[in-house]
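**Student:** One structure follows; several queries about it will come next.
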Amino acid sequence: MALRHLTPLSPFTTLTRRLPSFPTLSSTTSRRYNRFSFSVMASASRKVLVPIANGTEPMEAVITIDVLRRAGADVTVASVEKQLRVDACHGVKIVADALISDCVDTVFDLISLPGGMPGASTLKDNNTLENIVKKQASEGRLYAAICASPAVALGSWGLLKGLKATCYPAFTEQLSSSATTVDSRVQQDGKVITSRGPGTTMEYSVTLVEQLFGKEKANEVSGPLLMNPKQTDQFIVTELNKLQWTCASTPKILVPIADGSEEMEAVMIIDVLRRAKAEVVVASVGDNLEILASRKVKLVADMLLDEAAKLSYDLIVLPGGLGGAQAFAKSETLVNLLKKQRELEKYYGAICASPALVLEPHGLLEGKKATAFPAMCEKLRDKSEVESRVVVDGKVVTSRGPGTSLEFSLAIVEKLLGREKALEIGKAMLVV
């Protein structure tokens, strides 16, 4: 029997926009327009700046970068620290493309600030970034921020005066002194786009794509993300052969990454599981700790897989991405770890391309129902649950792609640490 349990999500709100007559993603979206226009539609190439700092929320940075690059934007990830590598929240290590000082003379079509603390404060205190964003505003180009950054950075710089804006709920009072606060998941007013937090980042990013490239491109990009098309107030986990997952009070989890791994999926899994206080080991399947993910985000692992393989884990979970999944499938060390995990009756899972390219060909889905990225589902022997967003079958969990990664991660938290913990984290991320 399949158990389908529903976990409430906050309802999606409509976007209030004060923008020129670009098409929008939703027919229910209300619009308010000012008589100004952007030059960003004039050419196919769009330059985007995403500054990052120690303490940046990695989901908000990486999802934005990934989605914009899928649309064809030329995204520069710039560190406001003295070095390219930043230590983002939850122990995620990201290597920037440039230092912020290298970006002073570049004209950007969009600047997008991720949140996270103390990252947002560091962005706010950086004079070079402040000057770049103020120039962006004065010259009538798009700028945006999410989570703490609308209040901490944009508001403090005086760039939200007379505008409606949203932010992470804990910063609403601070934002109210510099903007008209609203509860929208994504808010657009004039040339400014703001959003609330990790759980709204994908919507925010698609909105940025729409304003840079138009509705057709936004729809083209959003489809393969597998965002919830109904935007309902619940997500669905399909569970079969239900078992009580047991582990130590602090679960130990291995998350392998490789060149070509899907950075959104990897970062969301790592971030959510570390929020749950699991001990997450990020291991590079390759010769270097630094990997180049599928949309060219540079991530740094905690250790190499050969070292990680000496340890034991309650759960091994594989992110997707075509190149990464192919690297996983070719790694004898990783495949042996997964087979040992099954022999010891421990837990494992995969998302996107990895169920089809790693688990299935190595017999790790034998007798199991699973799902995967739609283009890969033909490789699954049992296709009866391929339309499900998250499938838990006994001790195996699988999911579809970037837009299901938060549901996938929360399902793992629920199985390992209980429903209450999963709901607590989901609420903090503005998913539940």
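**Student:** Please find, within the range 411-421, the residue that is most open to solvent (accessible area, probe 1.4 Å) out of those that are assigned to a helix (DSSP H, G or I) and more than 23 Å from residue 355 (Cα to Cα).
**Tutor:** Filtering the range 411-421 for residues that are assigned to a helix (DSSP H, G or I) and more than 23 Å from residue 355 (Cα to Cα), the one most open to solvent (accessible area, probe 1.4 Å) comes out as 420.
**Student:** Only one residue in 255, 272, 335 is among the aliphatic types (A, V, I, L, M) and assigned to a strand (DSSP E or B). Which one? Before you say what the answer is, go through the steps one by one.
**Tutor:** Working: 272 fails: assigned to a strand (DSSP E or B); 335 fails: assigned to a strand (DSSP E or B).
Every option except 255 fails the conditions.
**Student:** Can you name the number of the only condition in (1) surrounded by 17 or more Cβ atoms within 10 Å (Cβ to Cβ); (2) touching a residue at least 60 places away in the same chain (Cβ under 8 Å); (3) in contact with a Phe, Trp or Tyr (Cβ under 9 Å, 6 or more places away or on another chain) that residue 140 fails?
**Tutor:** All conditions are met except number (1).
**Student:** Which of the residues that make up the range 148-159 are assigned to a loop (DSSP other than H, G, I, E, B), in contact with a helix residue (DSSP H, G or I) (Cβ under 8 Å, 6 or more places away or on another chain) and more than 23 Å from residue 202 (Cβ to Cβ)?
**Tutor:** Answer for the range 148-159, where residues must be assigned to a loop (DSSP other than H, G, I, E, B), in contact with a helix residue (DSSP H, G or I) (Cβ under 8 Å, 6 or more places away or on another chain) and more than 23 Å from residue 202 (Cβ to Cβ): 156, 157, 159.
**Student:** So residue 281 passes all but one of these: (1) over 27 Å from residue 425 (Cα atoms); (2) open to solvent by less than 20 Å² (accessible area, probe 1.4 Å). Which condition number does it fail?
**Tutor:** All conditions pass for residue 281, except number (1).
**Student:** So which of 206, 237 is in contact with a strand residue (DSSP E or B) (Cβ under 7 Å, 6 or more places away or on another chain) and of a type in the set (Val, Ile, Thr)? Write out each step before concluding.
**Tutor:** On the way: 206 fails: in contact with a strand residue (DSSP E or B) (Cβ under 7 Å, 6 or more places away or on another chain).
Residue meeting the stated conditions: 237.
**Student:** Residue 307 - would you say it is more than 26 Å from residue 59 (Cβ to Cβ), acidic (Asp, Glu), open to solvent by 10 Å² or more (accessible area, probe 1.4 Å) and not in a helix (DSSP H, G or I)?
**Tutor:** no
**Student:** In this structure, does residue 285 turn out to be within 15 Å of residue 327 (Cα to Cα), within 19 Å of the chain's Cα centre (by Cα) and in contact (Cβ under 8 Å) with a residue 12 or more places away in the chain?
**Tutor:** So residue 285 does not fit the description; no.
**Student:** Would the range 355-365 turn up any residue that is open to solvent by 50 Å² or more (accessible area, probe 1.4 Å) and in contact (Cβ under 8 Å) with a residue 60 or more places away in the chain?
**Tutor:** no
Let's see how each residue does on (1) at pLDDT 95 or above; (2) in a helix (DSSP H, G or I); (3) open to solvent by 40 Å² or more (accessible area, probe 1.4 Å):
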position: 372; (1), (2), (3): yes, no, no
position: 377; (1), (2), (3): yes, yes, no
position: 381; (1), (2), (3): yes, no, yes
position: 386; (1), (2), (3): yes, no, no
position: 391; (1), (2), (3): yes, no, no
position: 398; (1), (2), (3): yes, no, no
position: 409; (1), (2), (3): yes, yes, no
position: 426; (1), (2), (3): no, yes, no
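**Student:** Does the range 120-147 hold any residues that are touching a helix residue (DSSP H, G or I) at 6+ places or on another chain (Cβ under 7 Å) and not in a loop (DSSP other than H, G, I, E, B), and which are they?
**Tutor:** 120, 121, 123, 124, 128, 129, 132, 142, 143, 144, 145, 146
The values are calculated or read from the model by the stated rules, or taken from the named source; none is laboratory data. Fair warning: this is a prediction, and the values are worked out from it, not measured in the lab. Cβ: placed from backbone, ideal geometry, glycine included. Neighbour counts: every protein chain shown. All accessible areas refer to the heavy atoms of the entire protein, side chains included, with ligands and DNA or RNA removed. Shrake-Rupley method; radii C 1.70, N 1.55, O 1.52, S 1.80 Å.
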